[in-house]
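In what follows, a structure is listed as structure tokens, so that the remarks can point back to it.
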Amino acid sequence: MVSGRGNAAAGTTLSLALFTARARRCLAVLPLSFAFLAPPAARAQAPPAPAYHFVVVLNPAHGGTDFGANLDGQPEKDYTLAFSTRLRSLLEARGISVVTTRQSDVRLTATQRAEIANHAEAQACLTLHASETGVGVHLFTSSLAPASPTLFEPWKTAQAAWITHSVALEGVLYSALQHAEIPVALGRTGLPAIDSMTCPAVAVEIAPDGAAAGSGSASGSLADPAYQAKVAAVLADALLEWRSEGPQL
Amino acid sequence: MIPRYQTVLFVVLLAATAVMGTVLWHLRQHEHQRLLQGEVSTPTRAPEVAPAVDATLMVADDADGSVVPQVLSLPLPPSPNERARALLGKLLDIYAAPGATHPVPGGASSILQVFLVPVPAGTPGAAGLSGAAAGSRGGPELAVVNLAASFADHHPSGLETETLTILSMCETLHANMPRITEVRFLVNGRPRATLAGHASLMRTYLATARTITGGAVASAGISAQPAVAGAGQ
Ligand SMILES: [Zn+2]
């Protein structure tokens, strides 16, 4: 016998607007407390100024023999690559330098992706996914526990020292998407590439807009060019705002 | 020249060896299948005689990426392994039902087995035990969940949906059996790189109170085997 008692919705969540807000508040004090811990290379950087080294890494997931999800007939690897190209042009139009992990249909290992991202010394690293499940945009940060920066980070958990910055970047993206009335869910997950990145890193998974059910190029579907353009524009503007918040470490 | 009786004896012995070998191989295959299908001790459904107790299922919702507790009265077997299996089975039945908030085909039969083993001292899971659980007899436990291949093969592919399946299973186990602090997954008895192309199954997931409040699922540092590049990100 099974008798339902309904939802005791105490709110255990992946989606924590509060959590993010709290994390962003914490971030305000973080640069001060971590200033003395910053690696020499970072300390040598210019102090917060109108113009500083600001690079965004775009990491379109999957590629080559890794097709990713099947998005109504289109492989996810093609979708992420096309979206990356679209977002890249929007960012460059806003004067932001962009490094991409792949520009063609090739398969990269998690290590290769992290190496490209880390070499760029980026201020934001976005890994791009797409899925037919859920609605709107899903933002994920690494599930590694935050750790203080050390001189030599273990490769597999290098992101641990950057978690607070990643969560702050996630918060900026979250606010922008919410403001644009795109449904957005937050979560934490373990992805080898992100766990090895030494930059504020967020995985962005694009799902169909909840308002429009249906497939093909129907309004709000993954294939809808207007929906893609809207998400890309919101992300580009959010990254512009992220740049205005000053250098991260 | 070899005497005729020796030749006959040799052929007879050879035939006997072949027959015995075939029988042994069949027995082995039979036993292997029996183990894989979990026919070992208990039926898939909890026996009706088991008393119904309140169980908290942590049910995922794709719409907002949340995991929401849902209290049900379930007849749960007393054996910890079977209890864990029944809990996860009920959770997957909810996901397989029409109109599910986190639709995944498969249902209860997708959980082939759950084994509980003690967590070695010094691992993160060993420290993650809450006060109440630590006070009871026995230490923290690692749950090894053996999933059916058909479940993983038909699971929707995506970062959110795969993460939510794993998160809700870990949280459901920990909510009802607080001694379970770590969870590992196998598919048909074997390690598998990812659930459906995204969420890694090569790592040990921490199922602690922190997990439930913070939404953090994994700890990469304690993965017994290196993460495989199969997760294409
Ligand atoms: Zn993907």
Pair A:ALA180, B:ASP54: separation of 7 Å Cα→Cβ label points (nm): 4.4
Computing the accessible area with a 1.4 Å probe over protein heavy atoms, can you report the carbon and sulfur percentage for the stretch A:116-249? 59
In short, the stretch A:130-151 residues buried by 10 Å² or more of accessible area relative to the isolated chain (1.4 Å probe) are A:SER131, A:THR133, A:GLY134, A:VAL135, A:HIS138, A:PHE140, A:SER143, A:LEU144, A:ALA145
How large is ³J(HN,Hα) for each residue in the stretch A:98-105, as worked out from phi by the Karplus curve 6.51 cos²θ - 1.76 cosθ + 1.60 (θ = phi - 60°), to whole Hz, x for Gly and Pro? 10, 10, 10, 6, 8, 10, 9, 7
Considering the dipole of the stretch B:52-206 built from charges on the beta carbon (Lys and Arg +1, Asp and Glu -1) around the Cα centre, which of B:LEU91, B:VAL187, B:PRO118 is farthest to its positive end? B:PRO118
Do any chymotrypsin sites (Phe, Trp or Tyr not before Pro) in the stretch A:134-170 lie in a loop, going by DSSP, with at most 16 other beta-carbon atoms within 10 Å of their beta carbon, and if so which? A:PHE152
Amide hydrogen neighbours beyond the local backbone of B:THR194, cut-off 5 Å, H modeled: B:LEU201
DSSP-loop GluC sites (Glu not before Pro) across the stretch A:89-123, with at most 16 other Cβ within 10 angstrom: A:GLU121
What FRET efficiency do you get for A:GLU245 and B:HIS26 if R0 is 56 Å and r is their Cβ-Cβ distance, rounded to the nearest 0.05? 0.25
Using the alpha-carbon centroid of each, what span in Å lies between the stretch B:136-182 and the stretch A:94-155? 26
³J(HN,Hα) across the stretch A:161-172 via Karplus (A = 6.51, B = -1.76, C = 1.60, θ = phi - 60°), whole Hz, x for Gly/Pro? 6, 10, 4, 4, 5, 5, 5, 5, 4, 4, x, 5
Sorted by chain and number, the residues with a modelled amide H under 5 Å from that of A:MET197, at a separation of 5 or more or across chains, are A:GLN159
Summing both sides, how much accessible area is buried between B and A? Use a 1.4 Å probe and give Å² to the nearest 100. 3600
Ignoring ligands, DNA and RNA, what percent of the 1.4 Å accessible area of the stretch B:52-206 is carbon and sulfur? 59
Going residue by residue through the stretch B:154-162, the Karplus relation 6.51 cos²θ - 1.76 cosθ + 1.60 with θ = phi - 60° gives ³J(HN,Hα) values, rounded to whole Hz and with x marking Gly or Pro, of 9, 5, x, 8, x, 4, 5, 5, 6
Would you mind computing Rg(Cα) / (2.2 N^0.38 Å) for the stretch B:52-206, counting N as its residues? 0.98
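The values are calculated or read from the model by the stated rules, or taken from the named source; none is laboratory data. Everything numeric in this text was worked out from a predicted model, so none of it was measured. As a convention, Cβ positions derive from the backbone with ideal geometry for all residues, glycine included, and neighbour counts pool all protein chains shown. Heavy atoms of the whole protein, side chains included, go into the accessibility calculation; ligands, DNA and RNA do not. Shrake-Rupley method; radii C 1.70, N 1.55, O 1.52, S 1.80 Å.
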